[in-house]
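Have a look at the structure below, then the notes.
Read-outs throughout are calculated quantities, based only on the coordinates presented, and are distinct from any laboratory measurement. Nothing here was measured: the structure is a model prediction, and the numbers come from that model. Cβ sites come from the backbone with ideal geometry, for glycine too, and all protein chains shown count toward neighbours.
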Amino acid sequence: MRRPDAPLQLTAGLIVRACALVVMWGILTWTGPRFDHPWQPVALLAAVTAVSAVVAARWWRAGRAGRVGRAVDLPLGVAMLVVGALILPPGGTGWLYFAAQYTQLLSFAVGLTAGRLWWALGVGVSWAATLVVVGVGIRHQPLAAQLAATPGFLVNPLVGWSVARYLRTSTTALRAAQLQAVAQAAALATATEREAYAGALHDRALQIMELLAADGVVTEPGQAARVREVSAWLRDFVDTGRTEPDLLAALRTIAQAADRPVRLHDSALRAEPVAAVPVLVAAVAAVLACGSGPVTVRAAPRDGGVRITVVGEDVGDGGGAGPLLARAGGRLVAEPLCLELWAPVR
């Protein structure tokens, strides 16, 4: 799987490699005539350019820095340092030994695309060791002078790897921020759309349905019950956006269908929705059916279930709700002016 930072890391690595080659070709146009056989440095640099072009093409097609380039870099750099020293004019130093300058620049690109720090440093150490051996054994340079030229082979890969690591971290953070922004925008758009639909339903449909659900507007019992049921469902949908029935919708339907005034306190269930509990719904319906006076019904999640209290001057005796709840693991507590019903939510 391609990492989100791969294109950026690849582009940086390719740019550094290309810049190193451009610099070397520019230097060669200046130093080439000083070689005994000018075609030799040209042939060496042309071969390195061709190999780098093949590696760049493979990476570009893959969309990331692959293992092929990492495997080629190490032997290519060693060979370039050795051959560059062999074709160097006697006493030649500095930019005439362009192989050393190129591999030092390339070591930064190796750090960018290495992936692992140990590999980047390993390539740098190998090239530094080659520079020292070739400088002392072939070019007959003092050991101290060769050692003084090696720090770049260690620093450049470390800097390149650190830059690549920063790119990975920042790209990942940027990607996460983008995904979060998209998710927030989608949620805001959804909420805005829902508010628009809810407002239209409330003004155009719900108020008419609740007017029809009032006592005496629809006289046929079956139709009146259906109107109250639809009105309660629509009220729940406008308030919560839920299409599936839950305990809140069921309680609203029961309250609408009761033959007594019912005031429903449902803020707790609106804040913490609970699935409809059939036994609790049936128990509440039984309680409301056994009295005639106005009551207040409060419902809230409690102790792994739902507690419903029915308060009023004529709450009745529960109408058989107690045994119904007991069989389901619930309970009914009767007080003179209050009934408390509780049932577990499984």
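Quick notes on this one:
- Mean residue ellipticity (222 nm) of the chain, computed from DSSP H runs ≥ 4 via -39,500 (n - 2.57), nearest 500: -22000 deg cm²/dmol
- Helix 247-257 vs. the chain, principal-axis angle (Cα, 0 to 90°, nearest 10): 30
- Net charge contributed by nearby residues that have their C-beta within less than 15 Å of residue 289 (K/R +1, D/E -1): -1
- Cα-based helix-to-principal-axis angle, 278-289 vs the chain, degrees rounded to 10: 30
- Structure-derived mean projected area of the Cα convex hull in nm²: which label, when the choices are (1) 21.2; (2) 28.7; (3) 24.2: (2)
- Degrees separating the helix 39-62 axis from the principal Cα axis of the chain, which is the longest one: 10
- Length added when fully stretched, residue 263-residue 61, from 0.36 nm per residue minus Cα-Cα: 65.8 nm
- Result for the chain in a Gaussian network model with C-alpha springs under 10 Å: among 272, 210, 193, the largest mean-square fluctuation is at 272.
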